[in-house]
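The values are calculated or read from the model by the stated rules, or taken from the named source; none is laboratory data. Quick caveat: nothing in here was measured; it's all calculated off a predicted structure. Cβ placement follows ideal geometry from the backbone for every residue including glycine, while neighbour counts extend to all protein chains displayed. Accessible surface areas use protein heavy atoms only, side chains included; no ligands, DNA or RNA. Shrake-Rupley method; radii C 1.70, N 1.55, O 1.52, S 1.80 Å.
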Amino acid sequence: MNLQFLLKTAITVAVVLIASLLARRSGWLGALVASLPLTSLLVLGWLYADTRDTAQVADLSMGIFWFVLGSLPFFVVLAFALRHGWQLAVAFAVAAAAGFAGVTLTQWLLGRAGG
């Protein structure tokens, strides 16, 4: 392993841990940090640092945009299920299925629009 990989890992882990710690103190503050495109910013930054290819960064950015839209059902279904007393594991499983369905639909629609 090289130093660059370890630095990327440390920064990425720190962002996730900070969001988790903030969520314990304030759900809204944790949600704000978690909803910010910090992970995407890190990935886009790491990609550019590795490739220096702005076209590849732009393509990834648009891909992230479309798949974020497709993943939104995960959050709605999870909140609904938990607020209605579903067990956590069941709520996560159903929400994950909804998120997968949303991303799959997005991928299908993008394929049809591009072809």
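If Leu3 meets every condition in (1) open to solvent by less than 90 Å² (accessible area, probe 1.4 Å); (2) at pLDDT 85 or above apart from one, which number is that one?
So the condition that Leu3 fails would be (1).
Consider Ala96 against the criteria (1) within 24 Å of Val43 (Cα to Cα); (2) among the hydrophobic types (A, V, I, L, M, F, W, C); (3) modelled with pLDDT under 95: it satisfies all of them except one. Which criterion is unmet?
With respect to (1) within 24 Å of Val43 (Cα to Cα); (2) among the hydrophobic types (A, V, I, L, M, F, W, C); (3) modelled with pLDDT under 95, Ala96 is out only on (3).
Between a first residue in region 1-29 that is under 23 Å from Leu47 (Cα atoms) and aromatic (Phe, Trp, Tyr) and a second residue that is assigned to a helix (DSSP H, G or I) and open to solvent by 60 Å² or more (accessible area, probe 1.4 Å), which pairs have beta carbons less than 7 Å apart while being 6 or more apart in sequence or on different chains?
Partner pairs satisfying both residue conditions: none exist.
Please state which of the following conditions Phe92 fails to meet, knowing it meets all the rest: (1) more than 14 Å from the chain's Cα centre (by Cα); (2) surrounded by fewer than 13 Cβ atoms within 10 Å (Cβ to Cβ).
Among (1) more than 14 Å from the chain's Cα centre (by Cα); (2) surrounded by fewer than 13 Cβ atoms within 10 Å (Cβ to Cβ), Phe92 violates only (2).
In this structure, is Leu69 part of a helix (DSSP H, G or I) and open to solvent by 60 Å² or more (accessible area, probe 1.4 Å)? Give the steps one after another, and end with the answer.
Values: part of a helix (DSSP H, G or I): yes; open to solvent by 60 Å² or more (accessible area, probe 1.4 Å): yes.
Yes: the conditions hold for Leu69.
Mind checking whether some residue in region 75-85 is open to solvent by less than 90 Å² (accessible area, probe 1.4 Å) and either touching a residue at least 40 places away in the same chain (Cβ under 8 Å) or outside any helix (DSSP H, G or I) (or both)?
Looking only at region 75-85, we keep the residues that are open to solvent by less than 90 Å² (accessible area, probe 1.4 Å), and these are 77-79, 81-82, 85.
Restricting the remaining residues to those that are either touching a residue at least 40 places away in the same chain (Cβ under 8 Å) or outside any helix (DSSP H, G or I) (or both) gives 85.
Taking every residue of region 75-85 in turn, at least one turns out to be open to solvent by less than 90 Å² (accessible area, probe 1.4 Å) and either touching a residue at least 40 places away in the same chain (Cβ under 8 Å) or outside any helix (DSSP H, G or I) (or both).
For Thr51, which of the numbered conditions (1) at pLDDT below 85; (2) farther than 21 Å from Phe100 by Cβ fails to hold?
It fails just one condition, (1).
Check region 99-111 and report whether any residue there is out of contact with any helix residue (DSSP H, G or I) (no Cβ under 9 Å at 6 or more places or on another chain), among the small types (Gly, Ala, Ser), part of a helix (DSSP H, G or I) and surrounded by fewer than 13 Cβ atoms within 10 Å (Cβ to Cβ). Steps first, please.
First pass over region 99-111, keeping only residues out of contact with any helix residue (DSSP H, G or I) (no Cβ under 9 Å at 6 or more places or on another chain): 108, 111.
Those still in the list that are among the small types (Gly, Ala, Ser) too: 111.
Filter again for part of a helix (DSSP H, G or I), leaving 111.
Next cut, surrounded by fewer than 13 Cβ atoms within 10 Å (Cβ to Cβ) only: 111.
The answer is yes; a qualifying residue exists.
From Leu29, Leu21, Leu38, Leu47, grab the single residue that is open to solvent by 90 Å² or more (accessible area, probe 1.4 Å) and out of contact with any Lys or Arg (no Cβ under 8 Å at 6 or more places or on another chain).
Working: Leu29 fails: open to solvent by 90 Å² or more (accessible area, probe 1.4 Å); Leu38 fails: open to solvent by 90 Å² or more (accessible area, probe 1.4 Å); Leu47 fails: open to solvent by 90 Å² or more (accessible area, probe 1.4 Å).
None of the others qualify; the one that does is Leu21.
List the number of the failed condition for Thr54; all other conditions in (1) among the β-branched types (Val, Ile, Thr); (2) closer than 30 Å to Leu109 by Cβ; (3) open to solvent by less than 50 Å² (accessible area, probe 1.4 Å) hold.
Failed condition: (3).
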